[in-house]
Amino acid sequence: MQDRTAKIDVPSLVETLAKTEGLNHEVGSLYSEALYAFEEKKYEESLSHFQQMISLLPSDKSPQILSEAYRWAANCHYYSSDLIKAMELLDKAIKLYKSLIQDPNYLASLYDFKASIYNDQNNFQKALNKYHKIIKILEDSGNNAHDLAFAYSNINFAYRKLGDFDQAGKSVMISESMVSANKDIFSEGEKLLLNARASEFLNSIEETKIKYKKAISFYNNNSSSKWLAIGLSELGNLLWAEKEFKVALDCYERSLPYFRAAYGDIHPKVICIVRIIGSLHNQLGMYKEALQDYELILNASKEKFYPGATLGEILLDAGCSCMSLNQNQKAKEYLTKALEFFLSADPENPNISACYSNLGDLFWIEGNCEKAQEMFEKAIAQITKVHDENHFLVAAPTLMMGNIHWQKGRYEDALKAYEKTKEIYIVNDGENSEYLDSANLNIGFIYLEKGDYESALTYYQKSLECFKTHCGEDHPGISEKYYRMGEVLSRKGALTKALEFAIKAVRLDEQNFGKDNLEVAKHSTILGYIYIHQQKPKEAIEVLEKCVAIFQQNPSANEIYSSDAYSWLGHAQIKSKDYSQALTNILKGLEIKIKLYGESHPETARVYYILGLLQKAQENYEESFATLEKSLSIMKKFFDDSHPEVAEYEATMKSVKQKVPKL
């Protein structure tokens, strides 16, 4: 209901009061100039005129005009994105007009304006209360079915935000029945929009989409930009819920220019749309675009205009996008700011746990397990203050605790953590949960480490199929699944099939991120490993040297992958008899492994094994035997004799021992 049209005939009132009460005629001129400036979107100029007008109006003789001036001044602040000031002036308008007890429709429009501000501030309970007030005023007056139908339709959004979908459905049903009974008082565009809103509760999703598209087509053909933008954003919301991310993104991007033209770049309505576009970019793996969306808001806006916890949420979103782009230092800065904001603004805010969890991820990538564990424990403690241990939010930090157990070589503890994560996802989201791909992937990885390649392959396949079902085969995130498939198949010795998956991973990364991106380097390492075991050292060296070069150019690179690149490059150089370079790269890989895992860890043992192979190739058999023995002793701390790598290391030691009988 809230719009820019005049609600009171101010010029006539000014003329009357000028004759009867001696009101200054300048008030009428100021009002006209203010309205003209407003329509031209010169909000500061318009506000100045309204403020002058207010200063000339005695409240006891012209309360109606003064109320209207306050309303318009509030509009000026609202469209300038100063919601706090807008609310202050709107309250003055309401207080004045309530004392008059005149037109209930006008009073309802003031409350509708107030509800709109509460919605923009994410204060949906207060918005709901105002809609109830509007409905009561309009029902008591009994003469405005048009605004009442919109009030019932609009209240459904507040109910939805508060999770009361039954009441949301009932409210749009009432709205629909009022439209059906009073068709003549609604424009064709209004009927189409209200019908589409009701359809979601009456008909199938597909029918609802058709109704929204029909409404959008009508608005487009009739140059109704306001209703076109509203229709597009509501259809976008519906499509987002249905996980039709590309089409939803198109709807929101088409709606954004109207909202920007109407409100400017920093208005909460615009911020909301840009944030949704950023979220959709993230869902589609378009992390660079998502970060640009969030930074556009952060760079353009004034902190005081952010409603509620929105600033913290944008900082959190930006931090997560940076993580996806491997901009880890920048991610840490954003996440730390977000955490500080939430802790000072609302210590119970659920996003605090997300900040702790994501910071824990970053510390883990850096190899700082102690700090990472501290963050994950804080995340879980924050969540379990108000929820039980099976709450959905507990899953992410529990999964990461599993990663820490793995990094410390505690494989059974890691497996328990990953299985607990899977249990939480199933309890909360069912057997077809989209989140099961990460749980299955990590369970598969532990079986891979334990040498149970068949079980690892089974879980990796489950992860891949889950991801395909929920995200499609074009999503950038699927490259990680292909990489893992290549990894397990290469360990099984199925090198041709492994190579197919590895190439798919790298090509998808190159397509999405460019050839020199960290994702390309991360996933190309497995290509090098496969080429080594296919006895193609030249191809392996070419791939792994490119990986190393990319890692060297990116200090924030995940060292888990760079250590493999150095170690495997050294392994390939052994096969090409470039022993000097092989030693340099193997020692670099070993240095990183020790930094990340310590001396006594299977990851470190694997590099000692490659070093032993180099010493064997150089015919330094005694040194080789000692190094291989060291790698085997480490592996046996974690795995029994049935582990394939244990068997391989023992066989290699035996062959070295044959060269030096005294060993």
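If R0 is taken as 45 Å, the Cβ-Cβ distance between ALA647 and ALA381 corresponds to a FRET efficiency of 0.55.
Compute the long axis of helix 165-181 from its Cα atoms, compare it with the longest principal axis of the Cα atoms of the chain, and write down the angle in degrees, 0 to 90, nearest 10. Approximately 40 degrees, to the nearest ten. Solvent-accessible surface of the range 354-396, averaged per residue with a 1.4 angstrom probe and all protein chains in place: 44 square angstrom. FRET efficiency for the pair ALA145 and GLN52, taken as 1/(1 + (r/R0)^6) with r the Cβ-Cβ distance and R0 = 51 Å, rounds to 0.85.
Return the calculated 222 nm mean residue ellipticity for the chain, to the nearest 500 deg cm²/dmol, obtained by summing -39500 (n - 2.57) across DSSP H runs with n ≥ 4 and dividing by the residue count. Mind showing how you got there, number by number?
On the way: 32 runs with 523 residues, N = 663.
Using -39500 (n - 2.57) per qualifying helix, the result is -26500 deg cm²/dmol.
Between GLU244 and SER217, what is 0.36 nm times their sequence separation minus the Cα-Cα distance? Round to one decimal in nm. Can you show the working numbers first?
On the way: separation 27, 0.36 × 27 = 9.72 nm, distance 1.98 nm.
Between GLU244 and SER217, full extension yields 7.7 nm more.
Under the definition of Cα pairs under 8 Å and six or more residues apart, what whole-number percent is the relative contact order of the range 125-171? Can you show the working numbers first?
Numbers: 33 pairs, mean separation 17.2, N = 47.
Computed over the range 125-171, the figure is 36 percent.
A crude spin-label estimate for the pair ILE266 and ALA549, with each label 7 Å from Cα along the Cβ direction, gives 4.5 nm.
Carbon and sulfur atoms: what percent of the 1.4 Å accessible area of the range 414-485 do they account for?
Numbers: 1230 of 2800 Å².
About 44 percent, which is the carbon plus sulfur part of the accessible surface.
With the simple spin-label model, which puts each label point 7 Å out from Cα in the Cβ direction, the LYS637 to SER187 separation comes to 7.5 nm. Compared with the dominant Cα axis of the chain, that is its longest principal axis, helix 83-100 is turned about 30°.
Note the full-extension length gain between SER224 and LYS371 as 0.36 nm times their separation in residues minus their Cα-Cα distance, in nm to one decimal.
Extra length available between SER224 and LYS371 comes to 47.4 nm.
Can you bin the range 131-195 into rounded, prolate or oblate? Criterion: square roots of the alpha carbon gyration tensor eigenvalues sorted a ≥ b ≥ c, rounded for a/c under 1.5, prolate for a/b above b/c, oblate for the rest. Since a/c reaches 1.5 but b/c is at least a/b, the shape of the range 131-195 is classed as oblate. Normalised by the number of residues in the range 583-663, the average gap of Cα pairs under 8 Å and 6 or more apart makes the relative contact order 26 percent.
Using unit Cβ charges (K, R positive; D, E negative) and no other charged atoms, how large, in debye to the nearest 20, is the dipole of the range 490-566 about its Cα centre?
Details: 10 positive and 10 negative charges, 72 e Å.
Roughly 340 debye, rounded to the nearest 20.
When the charge dipole of the chain is built from unit charges on Cβ atoms (+1 for Lys and Arg, -1 for Asp and Glu) and taken about the Cα centre, the candidate among PHE625, TYR608, LEU316 whose Cα reaches farthest toward its positive end is PHE625. Taking 0.36 nm per residue of separation and subtracting the Cα-Cα distance, full extension of the segment from GLU419 to GLU207 would add 72.3 nm.
First measure r as the distance between the Cβ atoms of GLU619 and LYS515, then evaluate 1/(1 + (r/R0)^6) with R0 = 51 Å and state the FRET efficiency to the nearest 0.05.
Details: r = 40 Å, r/R0 = 0.78.
Working from the Cβ atoms, E equals 0.80.
Extending 7 Å from the Cα toward the beta-carbon at both GLN292 and SER655 defines two label points whose distance is 5.3 nm. For Rg and Dmax of the Cα atoms in Å, which listed value, (i) 32.3, 123; (ii) 25.8, 81; (iii) 28.2, 90, comes from the coordinates shown? The value matching this structure is (i).
Please state the relative contact order of the chain as a whole percent: Cα pairs under 8 Å, 6+ residues apart? Each step should come with its number before you reach the end.
Details: 927 pairs, mean separation 34.5, N = 663.
Relative contact order for the chain comes out at 5 percent.
Using the Karplus relation 6.51 cos²θ - 1.76 cosθ + 1.60 with θ = phi - 60°, the per-residue 3J(HN,Hα) values for the range 248-258 come to 4, 4, 4, 4, 5, 5, 6, 7, 4, x, 5 Hz, with x marking Gly and Pro. Cα centroids of the range 319-375 and the range 62-78: 45 Å apart.
Mind running the shape call on the range 42-113? Use the C-alpha gyration tensor, a ≥ b ≥ c as the square roots of the eigenvalues: rounded below 1.5 for a/c, prolate if a/b tops b/c, oblate otherwise. Walk me through the intermediate numbers first.
On the way: a/c = 2.29, a/b = 1.26, b/c = 1.82.
Cα axes put the range 42-113 in the oblate bin.
The values are calculated or read from the model by the stated rules, or taken from the named source; none is laboratory data. All of these numbers come straight from a predicted model, not from anything done at the bench. Heads up, the Cβs are rebuilt from the backbone with ideal geometry, glycines too, and the neighbour counts pull from every protein chain shown. Accessible surface areas use protein heavy atoms only, side chains included; no ligands, DNA or RNA. Shrake-Rupley method; radii C 1.70, N 1.55, O 1.52, S 1.80 Å.
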